[in-house]
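Enquirer: If you scroll down you'll find the structure; I have some questions about it.
Only the coordinates and a few stated rules stand behind these numbers; no lab work does. Fair warning: this is a prediction, and the values are worked out from it, not measured in the lab. So basically every Cβ, Gly included, is an ideal-geometry build from the backbone, and we count neighbours across all protein chains shown.
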Amino acid sequence: MRKPVIAGNWKMNKTVSEAVGFIFDLKNLISDVTDVEIVIAPPFLAIYSAAQAAKDTNIYVSAQDLFWEEKGAYTGAISPGMVVDVGCKYVIVGHSERRQYFAENNETVNKKIKAALKHGLVPILCVGESINQRESGETFNIIETQVTEGLSCLSSSEIESIVIAYEPVWAIGTGKTATGEQAEEVHDFIRGVLRKLYGDIADHTRILYGGSVKPENIDELMTKPNIDGALVGGASLKAEEFAGIVKFRC
Ligand code: 13P
């Protein structure tokens, strides 16, 4: 059985006090939820306070990115050790916005995943095709390359803890969610790629869907056999809305 993960990626939103206020609101709304892993990814500056506010709750905190080196002359970068030190259990790696605006590629994604695993963090590897790639029939090729290169040279035991998020770029922030069938088709494909690379471990890997997830569409997505949760952007910014997604029914 794969325990579902519902993760909120706040992107570049919320100050420290807004983050703390959100966690206090959310914890009351979801205190009875035990069968879902709940994750919030605030901006770096709010992680420590959010993690403190989430102590003794069922909410885990994630970073939105990290750098692979441990320390040194890398102005502006945050190391895996720093991320662990402020209370993160998860880290998002390879989000399409990082790929688009910050020159992230499969090679840097792979370095970040290795560094995260070395520090006991659970990486959430994001993959997804653009609308042009989908329309020109390249979706599966793109996804296979992102998964294979992103996870290159990892051992089976390392793969075991990894979470993958399928986020079609055309569905992010557009209100245009992939249908359950469209998402399931790619999730099933990703599990097939994992099986080819790592055998039965594929059955344990959580594969999340991301892209305009809301309380109104989560139930349908979660009925699909290979969709194990969601990575939520816009709808994770309001505690009530995010709690509505955490409390999906299927
Ligand atoms: P939206 O839910 O706002 O479409 O964002 C999805 C996303 O990018 C989560 O990482």
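Enquirer: Of the numbered conditions (1) buried (at least 19 other Cβ atoms within 10 Å of the Cβ); (2) assigned to a loop (DSSP other than H, G, I, E, B), GLY87 satisfies every one except a single condition; which is it?
Expert: (1)
Enquirer: Within region 209-220, which residues are near the ligand (Cβ under 9 Å from one of its atoms) and either among the hydrophobic types (A, V, I, L, M, F, W, C) or within 10 Å of ILE245 (Cβ to Cβ) (or both)? Walk me through how you get there before you give the answer.
Expert: So the first thing to find is which residues in region 209-220 are near the ligand (Cβ under 9 Å from one of its atoms), and the list is 210-214.
Passing the criteria: VAL213, LYS214.
Enquirer: Right, next: Does region 71-78 include one or more residues that are closer than 29 Å to ASP203 by Cβ, among the basic types (Lys, Arg) and surrounded by fewer than 19 Cβ atoms within 10 Å (Cβ to Cβ)? Outline the logic, then answer.
Expert: Residues of region 71-78 that are closer than 29 Å to ASP203 by Cβ, as a first pass: none.
Scanning region 71-78, I find no residue that is closer than 29 Å to ASP203 by Cβ, among the basic types (Lys, Arg) and surrounded by fewer than 19 Cβ atoms within 10 Å (Cβ to Cβ), so the answer is no.
Enquirer: Within region 3-11, does at least one residue satisfy the condition of being under 27 Å from ALA202 (Cα atoms) and of a type in the set (D, E, K, R)?
Expert: Yes, the conditions are met somewhere in region 3-11.
Enquirer: To continue, here is another question. For region 230-250: of the residues being within 16 Å of ALA171 (Cα to Cα) and in contact with a strand residue (DSSP E or B) (Cβ under 9 Å, 6 or more places away or on another chain), which is nearest to the ligand (Cβ to nearest atom)?
Expert: Step one: list which residues in region 230-250 are within 16 Å of ALA171 (Cα to Cα), which gives 230-236.
Add one more test, that the residue is in contact with a strand residue (DSSP E or B) (Cβ under 9 Å, 6 or more places away or on another chain), and what stays is 230-233, 235-236.
On the way: ALA230: 8, LEU231: 4, VAL232: 5, GLY233: 2, ALA235: 6, SER236: 7 Å.
If we take residues in region 230-250 being within 16 Å of ALA171 (Cα to Cα) and in contact with a strand residue (DSSP E or B) (Cβ under 9 Å, 6 or more places away or on another chain), then GLY233 is nearest to the ligand (Cβ to nearest atom).
Enquirer: Of ALA171, ALA183, which residue is under 23 Å from VAL91 (Cα atoms) and more than 10 Å from the ligand (Cβ to nearest atom)?
Expert: On the way: ALA171 fails: more than 10 Å from the ligand (Cβ to nearest atom).
None of the others qualify; the one that does is ALA183.
Enquirer: Could you tell me which residue of region 90-115 is surrounded by the most Cβ atoms within 10 Å (Cβ to Cβ), considering only residues that are within 16 Å of the ligand (Cβ to nearest atom) and of a type in the set (Lys, Arg)? Walk me through it before giving the result.
Expert: So the first thing to find is which residues in region 90-115 are within 16 Å of the ligand (Cβ to nearest atom), and the list is 90-102, 104, 109, 112.
Of the ones still in play, those that are also of a type in the set (Lys, Arg) are 98-99, 112.
Values: ARG98: 19, ARG99: 20, LYS112: 25.
Step by step, filter region 90-115, then rank; the result is LYS112.
Enquirer: List the residue pairs whose Cβ atoms are under 7 Å apart, where the first residue sits in region 239-250 and is on the phi < 0 side of the Ramachandran plot, the second is aromatic (Phe, Trp, Tyr) and buried (at least 19 other Cβ atoms within 10 Å of the Cβ), and the two are 6 or more positions apart or on different chains.
Expert: What qualifies is ALA239/PHE22.
Enquirer: Turning to a different aspect of this structure: Within 16 Å of the ligand (Cβ to nearest atom) and out of contact with any His (no Cβ under 9 Å at 6 or more places or on another chain) - does that describe any residue in region 191-202?
Expert: Scanning region 191-202, I find no residue that is within 16 Å of the ligand (Cβ to nearest atom) and out of contact with any His (no Cβ under 9 Å at 6 or more places or on another chain), so the answer is no.
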